[in-house]
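Below is one structure, written out as structure tokens, with a few remarks after it.
Each reported figure results from applying straightforward, stated rules to the coordinates on display, with no laboratory input. Treat the numbers as computed from the prediction; the structure is a model and nothing was measured. Heads up, the Cβs are rebuilt from the backbone with ideal geometry, glycines too, and the neighbour counts pull from every protein chain shown.
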Amino acid sequence: MSRTTPPRRGPAEPGGPISPYGPAGFRVEAEAEAVPEARRRVVSVVRGWELPLPEGTYDDLELLASELITNAVRYSGAACAVAVRWTGERVRVEVSDTIPVRPRPRRAAVEAEGGRGLFLVESLSAAWGTTPDPAGKTVWFELGPPEPHAAPGPRRLADQIRAVLPVADSAPHPMAPRRLRTHRAPVPQA
């Protein structure tokens, strides 16, 4: 199951219509170093399908694939399986791991370094979810046209983040770089 390019023709499902976008899947080892190559493989598979995707979709695809694969490797401590498929309307990425506990988005503190991955998945994907698996669970997302019942007009991610984060005080963050003032002595005239 290490194929990264889909077959040119093959059934989408047994008995289903013929599709040029066959599913692709691969295994990702339980090492943080394996994540960058895995996310590039996901993007490579989808680019190989030459789909007419909206602008920015490949960037979102890479970011969201990285989030799910990183979570699977980090929290399970074991290899995970990645599947990429075309549903006929959207690109769907599924990441299966050995932990049966389903992830939930959470509110992260303003100064927290983590805890925003699923918020990104929820914000940037057309749909996402989890399904139980005999070996653990599968977390998936889809990119493409938004759900028909979604609110009209896309909101910028920055606006969505501001809407859920608490208002920070106006004092600079203690770790923010400080601008140093320099004093220049007058240069003597010759």
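Listed values for region 38-47 are Karplus-derived 3J(HN,Hα) couplings in whole Hz (6.51 cos²θ - 1.76 cosθ + 1.60, θ = phi - 60°), namely 5, 5, 5, 5, 4, 5, 4, 4, 5, 4, and x replaces Gly and Pro. Near Leu68: Cβ cut-off under 13 Å, other residues only, Lys/Arg at +1 and Asp/Glu at -1. The net charge is -2.
Between the beta carbons of Ala135 and Glu55, assuming R0 = 25 Å, the FRET efficiency works out to 0.10 to the nearest 0.05. Other residues within the sphere of radius under 14 Å centred on the Cβ of Arg40, judged by their own Cβ, net out at -1 (K and R +1, D and E -1). What the Cβ-Cβ distance of Val101 and Leu63 gives, at R0 = 30 Å and to the nearest 0.05, is a FRET efficiency of 0.80. Residue order for Ile69, Ile99, fewest other beta carbons within 10 angstrom first, comes to Ile99, Ile69.
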